[in-house]
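First the structure, in the form of structure tokens, and then the observations on it.
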Amino acid sequence: MAKCDEGYICEVCGEAVDEIVDSDLYLRFVIGLVPQSELTKSPERHIRCNPVQAQFIVHDDFEPVVVDGSFGKQFLDEEHVKQQQDLITRGWLRICEVTGSGIPVSEYPLKPKVDMSKLIAERQNFNSQTNNPE
Ligand SMILES: [Zn+2]
């Protein structure tokens with residue numbers, strides 16, 4: 001079947017997903033859950049129509065999503081929730097950032113987070129080497 005001219009239709013509510021910032025598919029793409037090749041093939045959803053994921057977006061500009069069922073973050077492991085909130089909130093900020101920026105879609109995904117503790121350890125190692133008297 002040909003792709004609908006009106007854009008992608010949310011498989012949950014049946015409304016069009018007009019903006020990338022509303023797109024659950026693009027959100028999962030930037031956080032690395034969906035490969036770019038799947039973007040045009042996978043079913044689309046609004047971010048808010050996937051509340052189990054949307055509940056992890058914690059930001060002043062995002063109206064919080066609350067899940068009452070057993071997938072609600074209040075029932076999940078605290079450490080897991082922290083990781084998910086960090087990742088998915090960054091993903092959401094990223095799609096806000098790339099929307100209209102003109103950068104290629106292949107550049108949308110988040111870069112792996114720099115491991116600061118490793119960097120600091122390397123720096124200390126470097127300093128102790130350079131401080132060593134000959
Ligand atoms: Zn929807």
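Overview of values
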{"item": "0 to 90° range, to nearest 10: angle between helix 116-131 axis and the chain longest Cα axis", "result": "20"}
{"item": "The range 1-60: C-alpha gyration tensor shape, a/c 1.5 cut-off, then a/b vs b/c", "result": "oblate"}
{"item": "Cα pair distances in the chain, grouped into 10 Å bins until the bin that holds the longest one, percent each", "result": "11, 33, 29, 13, 8, 4, 1, 0"}
{"item": "Check: the range 1-97 dipole with +1 on Lys, Arg Cβ and -1 on Asp, Glu Cβ, in debye", "result": "340"}
{"item": "Charge-dipole axis of the chain as Lys and Arg at +1 and Asp and Glu at -1 on Cβ define it, positive-most pick from Gln85, Ile57, Ile9", "result": "Gln85"}
{"item": "Extended-chain gain in nm, criterion 0.36 nm per residue less alpha-carbon gap, Asn125 and Asp68", "result": "15.6 nm"}
{"item": "Percentage relative contact order, the range 8-131, counting C-alpha pairs under 8 Å, at least six apart", "result": "25"}
{"item": "Positive-pole candidate from Gly69, Tyr108, Ser128, dipole of the range 8-131, charges at beta carbon", "result": "Ser128"}
{"item": "Tilt relative to the chain, helix 78-98 - C-alpha long axis, 0 to 90 degrees, to 10", "result": "70"}
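Values quoted throughout were computed directly from the atomic coordinates according to the rules given, and no laboratory measurement underlies them. Here the structure is a predicted model, which is why all the values come from computation and not from measurement. Here the Cβ is made from the backbone with ideal geometry for all residues, glycine too, and neighbour counts use every protein chain on show.
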